[in-house]
2 protein chains.
Amino acid sequence: MPNISMKMLAKELQLSLSTVSKVFTDSHEISEQTKQKVLALAKQLNYVPNPYASSLRKRKSKTIAVVLPDVADSFFSVAINGIESVARDKGYHVLIYLTHELLDRERAILSEFQSGRVDGVLISISNETTTDCHITDMMQRGVPVVFFDRVCEETPTTRITTNDRESGQLAAQHLIDAGCRNIAFLSISESLPISRNRLAGCRQALSAQRLPFGADNVVMCTDDEAENVQIIARLLQRPDRPDAIIASVEKLTAAVYLACKQEKVSIPDQLKVISFSNQNTAAILNPSLTTITQPAFNMGKMAAETLFTSLRKSHLPLKAETLVVPSTLIVRESTGK
Amino acid sequence: MPNISMKMLAKELQLSLSTVSKVFTDSHEISEQTKQKVLALAKQLNYVPNPYASSLRKRKSKTIAVVLPDVADSFFSVAINGIESVARDKGYHVLIYLTHELLDRERAILSEFQSGRVDGVLISISNETTTDCHITDMMQRGVPVVFFDRVCEETPTTRITTNDRESGQLAAQHLIDAGCRNIAFLSISESLPISRNRLAGCRQALSAQRLPFGADNVVMCTDDEAENVQIIARLLQRPDRPDAIIASVEKLTAAVYLACKQEKVSIPDQLKVISFSNQNTAAILNPSLTTITQPAFNMGKMAAETLFTSLRKSHLPLKAETLVVPSTLIVRESTGK
DNA sequence: TTTATTTACGAAACCGGTTGCGGGAAATAG
DNA sequence: CTATTTCCCGCAACCGGTTTCGTAAATAAA
């Protein structure tokens, strides 16, 4: 009895259920006079239609899923802002799911979407994800997918990325210009395109200058910050200690600074540091951090807009293309002097 | 045709629809043999039941809403982690909505929940929210609500908070112990209990020491960082410049550091700073930042657990009580020397 | 006046599961 | 050899909107 239904509106107004329903779709079959009566009562009773009844019949949920490795990350949380702003605008609802970088969770989450729960999915894959069959399976079931940031390059759908390769190149070039000759690249995955492309760009910049860049220059990090501090500390203890570090993702920043403090390595005198990061504390770090800042809000927004456009005209499937929103190099003290 | 339904399973196995349905509820009315047959085919075809059909009939959605002012905030993003972990565990789905500190949006969002879209709501109110009628309305429609962090103290439901008052006191006492006598408190709202309680604790600590703390010592900030920098800069230009600042929320931290840099005020020599913050960059700021760190994950987790417990036994409404998870003072350099 | 058309609304099927109830067959009891 | 119970399963109503189709009344066209 708590919630009011169309049936109750209909009975109250001596109208049929279907007439009331048609009022809410603003059908031309209903006279203006009747519409006003129904809408007036609906407003008075604060009527809100049951979304699931509608979803069931219309076979669309007006809901999308956002699947992320983690939300405690400036990039992802700002991207959510972008997504939510578009969704609200278009009248969509947003379900959020976290994989915590686990492929199994990612699979389990996506498998639930084969039943109409969502009209589409925005996903940034986990760093364990090297195959895409769980994603293509879902697409074949009719659930459109748009990747953002952490994409699967071979999956035939739209991908929103930033210019990872150019950014890696830009970062390395910036360090070279600052006089660095032995640059270490901190990675979190060998398979993720963002990692690989940023690394590739970095490598390209170095080889263009005929600077050496071997396997030793690439350091694989983990998901555990304390562990990363140790990994970086060992890097700093090497006889051929690097004179610069590129942190390929935001969450490695703290580990770099902490390892430097621990090993008494001074930034930027002994080591220059640049990080891919959206942290708004970059400017107030000690020293302030030079960053490659990704357009998180716009990437989220664009991913959502792309998906909604495809949903509106569902005969038009998502093109297998990569849309690139460029990042920005923000030079601060950590690469200065 | 893409999605398979129970009807298709039933036809394939020469069983009735209801029999198949009962298999999935593990009904005692169905023989073990039949169950195995149905489950085997379901697994083979990768059958996933339509959640909205079920929601419609059972009048429960297995979905909750999380309503937040913003997600680009360490506290909220970590709290989401806590919420999501519990939700996943209990088989619930999480819809996310952002108010951007706008009461109107908060109202619009909640008004949609009167129709069975969600079984319950977790909310942290906007700083414009001073009345709770949009919330009590929803509760009266049968949608349970649990507040977390930014609560409405007078609304008769469960609230999860941290010990804001004691934390404010602790922060002030810590500054007093460090020799400060003229403490400024940066607030973001006159009405939010978190702001008021933190301020009250601060005031209490000062009056206990017979130290003055008037209206001038409380500085109201805005939602715009550049503006906040100016506000704080003006504060630092006062003839009776404070010797300490308490930033009552995380997002004020950067403004404080930037204003100090701009005004060439040295932390902690000329000004000690303590901030309510969950930022993991606190330790690598210059100087590292003393924080009151809130148990974000556990608060989110507890809010979700409380809601789910109430949902499981729906005859037991949520008690109008406040559950307190204590914060931690982490002393670093910004209050040192 | 008759026929064609438009307008405004209702009846009923439908979306895909859920659930109360009824009944036939086999098993146990009397 | 009946009477009762138990075990399995199907029928059908139901959740709350959506949509197709039919139709009576009003209006236009012939």
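The values are calculated or read from the model by the stated rules, or taken from the named source; none is laboratory data. Keep in mind the model is a prediction, meaning the values are calculated, not measured. Glycine also receives a Cβ, built like all others from the backbone with ideal geometry; neighbour counts cover every protein chain displayed. Heads up: the accessible areas ignore ligands, DNA and RNA and are worked out on the full protein's heavy atoms, side chains in. Shrake-Rupley method; radii C 1.70, N 1.55, O 1.52, S 1.80 Å.
Give the residue, chosen from B:S248, B:S266, that is crowded, with 19+ Cβ neighbours inside 10 Å and more than 9 Å from chain A (Cβ to nearest Cβ).
Just a single option satisfies the conditions, and that option is B:S248.
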key: Close pairs (6 angstrom Cβ cut-off, 6 or more residues apart or separate chains): in the same structural domain as B:A10 (by TED's automatic domain parsing) in region B:20-36, more than 6 Å from DNA strand C (Cβ to nearest atom) and not in a helix (DSSP H, G or I) anywhere   = B:K22/B:E29; B:K22/B:I30; B:V23/B:I30
From the options A:L39, A:L45, A:L13, residue that is more than 7 Å from DNA strand C (Cβ to nearest atom), surrounded by fewer than 18 Cβ atoms within 10 Å (Cβ to Cβ) and farther than 19 Å from B:S115 by Cβ = A:L13
request  = Return the residue satisfying two criteria in turn: it lies in region A:80-96 and is open to solvent by less than 10 Å² (accessible area, probe 1.4 Å), touching a strand residue (DSSP E or B) at 6+ places or on another chain (Cβ under 7 Å) and more than 7 Å from every other protein chain (Cβ to nearest Cβ), and of such residues it is nearest to A:F308 (Cα to Cα).
outcome  = A:A87
inquiry  = Return the residues of region A:253-263 that are at the interface with another protein chain (Cβ under 9 Å from one of its Cβ atoms) and among the charged types (D, E, K, R); say none if nothing qualifies.
reply    = A:K261
request  = Output the number of the condition that B:K58 fails; it satisfies all remaining conditions of (1) within 16 Å of DNA strand D (Cβ to nearest atom); (2) within 8 Å of chain A (Cβ to nearest Cβ); (3) more than 19 Å from A:Y97 (Cβ to Cβ).
outcome  = (2)
note = Going through region A:282-322 in order, the residues found to be out of contact with any Gly (no Cβ under 9 Å at 6 or more places or on another chain) and among the basic types (K, R) are A:R312, A:K313, A:K319
message = For region A:179-190: of the residues being under 30 Å from the mean Cα position of the chain (by Cα) and crowded, with 17+ Cβ neighbours inside 10 Å, which is nearest to A:T335 (Cα to Cα)?
response = A:I183
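For (1) free of Cβ contacts under 8 Å to residues at least 12 places away in the same chain; (2) in contact with a strand residue (DSSP E or B) (Cβ under 9 Å, 6 or more places away or on another chain); (3) among the charged types (D, E, K, R), each residue gets a yes or a no:
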{"site": "B:L186", "(1), (2), (3)": "no, yes, no"}
{"site": "B:S191", "(1), (2), (3)": "no, no, no"}
{"site": "B:A200", "(1), (2), (3)": "no, no, no"}
{"site": "B:A208", "(1), (2), (3)": "yes, no, no"}
{"site": "B:E227", "(1), (2), (3)": "yes, no, yes"}
{"site": "B:I231", "(1), (2), (3)": "no, yes, no"}
{"site": "B:I246", "(1), (2), (3)": "no, yes, no"}
{"site": "B:E250", "(1), (2), (3)": "no, yes, yes"}
{"site": "B:L258", "(1), (2), (3)": "no, no, no"}
ask   = Considering only residues of region A:110-130 that are at the interface with another protein chain (Cβ under 7 Å from one of its Cβ atoms) and either touching a Gly at 6+ places or on another chain (Cβ under 7 Å) or in a loop (DSSP other than H, G, I, E, B) (or both), which is surrounded by the fewest Cβ atoms within 10 Å (Cβ to Cβ)?
value = A:R117
key: Among the candidates A:E263, A:E333, residue that is among the acidic types (D, E) and more than 19 Å from A:G179 (Cβ to Cβ)   = A:E263
key: Index of the failed condition, A:P69 passing every other in (1) within 15 Å of DNA strand D (Cβ to nearest atom); (2) closer than 22 Å to A:D119 by Cα; (3) surrounded by 16 or more Cβ atoms within 10 Å (Cβ to Cβ); (4) touching a residue at least 12 places away in the same chain (Cβ under 8 Å)   = (1)
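Yes or no, residue by residue, for (1) within 8 Å of chain B (Cβ to nearest Cβ); (2) in contact with a Ser or Thr (Cβ under 7 Å, 6 or more places away or on another chain); (3) of a type in the set (D, E):
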{"residue": "A:K35", "(1), (2), (3)": "no, no, no"}
{"residue": "A:A40", "(1), (2), (3)": "no, no, no"}
{"residue": "A:N46", "(1), (2), (3)": "yes, no, no"}
{"residue": "A:P69", "(1), (2), (3)": "no, yes, no"}
task = Report yes if B:E101 is among the charged types (D, E, K, R), more than 19 Å from B:S327 (Cβ to Cβ) and touching a residue at least 60 places away in the same chain (Cβ under 8 Å), otherwise no.
result = yes
query = Looking at region B:291-312, is at least one residue open to solvent by 10 Å² or more (accessible area, probe 1.4 Å), without any contact (Cβ under 8 Å) to a residue 40 or more places away in the chain and part of a helix (DSSP H, G or I)?
reply = yes
key: Which listed residue is hydroxyl-bearing (S, T, Y), surrounded by fewer than 21 Cβ atoms within 10 Å (Cβ to Cβ) and either more than 19 Å from the chain's Cα centre (by Cα) or at negative phi (or both), from B:S74, B:S54   = B:S54
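To keep it simple, each residue is scored yes or no on (1) closer than 14 Å to B:V121 by Cα; (2) modelled with pLDDT under 95; (3) surrounded by fewer than 24 Cβ atoms within 10 Å (Cβ to Cβ).
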{"position": "B:T136", "(1), (2), (3)": "yes, no, yes"}
{"position": "B:Q140", "(1), (2), (3)": "yes, yes, yes"}
{"position": "B:P144", "(1), (2), (3)": "yes, no, yes"}
{"position": "B:F147", "(1), (2), (3)": "yes, no, no"}
{"position": "B:T158", "(1), (2), (3)": "yes, no, no"}
{"position": "B:T162", "(1), (2), (3)": "no, no, no"}
{"position": "B:L170", "(1), (2), (3)": "no, no, yes"}
{"position": "B:D177", "(1), (2), (3)": "no, no, yes"}
ask   = Failed condition for A:H315, given (1) part of a helix (DSSP H, G or I); (2) free of Cβ contacts under 8 Å to residues at least 40 places away in the same chain, with all others met?
value = (1)
remark   = Across (1) assigned by TED's automatic domain parsing to the domain that holds A:G201; (2) modelled with pLDDT of 95 or more; (3) not hydrophobic (A, V, I, L, M, F, W, C), A:P287 clears everything bar (2)
ask   = Restricting the search to region A:207-216, which residues are out of contact with any helix residue (DSSP H, G or I) (no Cβ under 6 Å at 6 or more places or on another chain) and surrounded by 13 or more Cβ atoms within 10 Å (Cβ to Cβ)?
value = A:L211, A:D216
note = Wholly inside region B:189-288, strands (runs of 3 or more DSSP E) that include 3 or more residues that are aliphatic (A, V, I, L, M) are B:218-220, B:244-247
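Listed here are the residues, each with its yes/no results for (1) modelled with pLDDT of 95 or more; (2) within 7 Å of DNA strand C (Cβ to nearest atom).
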{"position": "B:D26", "(1), (2)": "no, no"}
{"position": "B:E32", "(1), (2)": "no, no"}
{"position": "B:Y52", "(1), (2)": "yes, no"}
{"position": "B:L56", "(1), (2)": "yes, yes"}
key: Condition met for B:N228 (surrounded by 22 or more Cβ atoms within 10 Å (Cβ to Cβ) and either more than 30 Å from B:L318 (Cα to Cα) or not acidic (D, E) (or both))   = yes
request  = Assess whether B:S31 counts as being more than 9 Å from chain A (Cβ to nearest Cβ) and of a type in the set (G, A, S).
outcome  = yes
inquiry  = Anything in region B:147-173 that is within 12 Å of B:R196 (Cα to Cα) and among the basic types (K, R)? List them, or say none.
reply    = B:R150, B:R165
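Which of the residues spanning region B:15-49 are over 27 Å from A:R59 (Cβ atoms) and near DNA strand D (Cβ under 10 Å from one of its atoms)?
Residues satisfying the conditions are B:S27, B:H28, B:E29, B:I30, B:S31, B:E32, B:Q33, B:T34, B:K35, B:K37.
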